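I have placed the structure first, in the form of structure tokens, so that the comments after it can refer back to it.
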Amino acid sequence: MMGATEPLSAETWSELGLARRETFADGRRITIYGQRTLDDRLAFGGRIGYRFGAGIRPRVEPDDPGLDDVEASMRALLPAVGDARVTHRWGGVLGVPRHGRPFVTFDRPTGFGAAGGYTGEGVGASNLAARILTDLVLERDTPLVELAWVDDVPPKWPVEPFRWLGAKAITTLGALADRKELRKNGRSRVAGPLFERIF
């Protein structure tokens with residue numbers, strides 16, 4: 001889920017500390033990220049939930065409550081944004097492999113290959129995955145085909161409702177630990193370790 005503000009003033013950018021268009025994320029379990037755009041907007045995003053049955057919506061509407069959550073996170077984390085309007089809101093699907101790592105595989109007898117699992121790092125990772133897959137298809141013995149991504153195929157997710165329950169537990173624990181740590185400015189003693197053990 002993403003939002004972009006109206007163009008921000010030079011003073012606001014100075015206060016935000018993003019003068020060089022740095023990208024950023026923080027150490028939260030429920031990930032947020034952002035960047036200054038070429039036209040001086042703040043593009044800010046976050047990951048929101050799992051739909052039962054891994055349902056994929058054909059479209060994320062601009063009034064989706066998940067986008068409200070992302071905007072609230074932006075305003076809480078970056079108060080210098082003030083009351084700047086969010087003029088653009090959009091969202092999409094994030095596919096996460098069970099083992100949480102990118103992978104590339106190619107089955108020579110069938111001629112089928114696959115690459116994926118980038119979990120938010122798709123621009124650079126998809127380029128590397130395509131080069132690995134190309135070398136596998138063309139049977140090139142390169143350093144790329146020796147990378148840990150090759151044939152690191154993730155295990156299947158459990159069936160519903162266990163998949164939904166697990167996703168809900170991870171999201172709830174992660175959000176709880178993040179809230180406690182932000183409030184106390186210290187480590188969550190229960191929710192954080194439990195999140196890490198499960199996830």
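Here are some notes:
- Checking each residue in the stretch 145-159 for being on the phi < 0 side of the Ramachandran plot and open to solvent by 40 Å² or more (accessible area, probe 1.4 Å) picks out GLU146, LEU147, ALA148, TRP149, VAL153, PRO155, LYS156, TRP157, PRO158, VAL159.
- Taking the criterion of being on the phi < 0 side of the Ramachandran plot and out of contact with any Lys or Arg (no Cβ under 9 Å at 6 or more places or on another chain), the residues of the stretch 9-32 that qualify are SER9, ALA10, GLU11, THR12, SER14, GLU15, PHE24, ALA25, ASP26, GLY27, ARG28, ARG29.
- Residue count for the stretch 1-30 under the criterion of being surrounded by fewer than 16 Cβ atoms within 10 Å (Cβ to Cβ) and in contact (Cβ under 8 Å) with a residue 40 or more places away in the chain: the result is 3.
- Just so you know, in the stretch 65-91 the residues that are among the β-branched types (Val, Ile, Thr) and touching an Asp or Glu at 6+ places or on another chain (Cβ under 7 Å) include one that is surrounded by the most Cβ atoms within 10 Å (Cβ to Cβ), and it is VAL86.
- Restricting the stretch 160-172 to residues that are within 25 Å of GLY192 (Cβ to Cβ) and either aromatic (Phe, Trp, Tyr) or out of contact with any Phe, Trp or Tyr (no Cβ under 6 Å at 6 or more places or on another chain) (or both), the residue that is surrounded by the most Cβ atoms within 10 Å (Cβ to Cβ): THR171
- Test for ASP135: is it open to solvent by less than 60 Å² (accessible area, probe 1.4 Å), acidic (Asp, Glu) and at pLDDT 95 or above: yes
The values are calculated or read from the model by the stated rules, or taken from the named source; none is laboratory data. For clarity, every value in this text was computed on a predicted model and none was experimentally measured. Cβ atoms come from the backbone with ideal geometry, glycine included; neighbour counts cover every protein chain shown. These area figures cover heavy atoms from the full protein model, side chains too; ligands, DNA and RNA do not enter into them. Shrake-Rupley method; radii C 1.70, N 1.55, O 1.52, S 1.80 Å.
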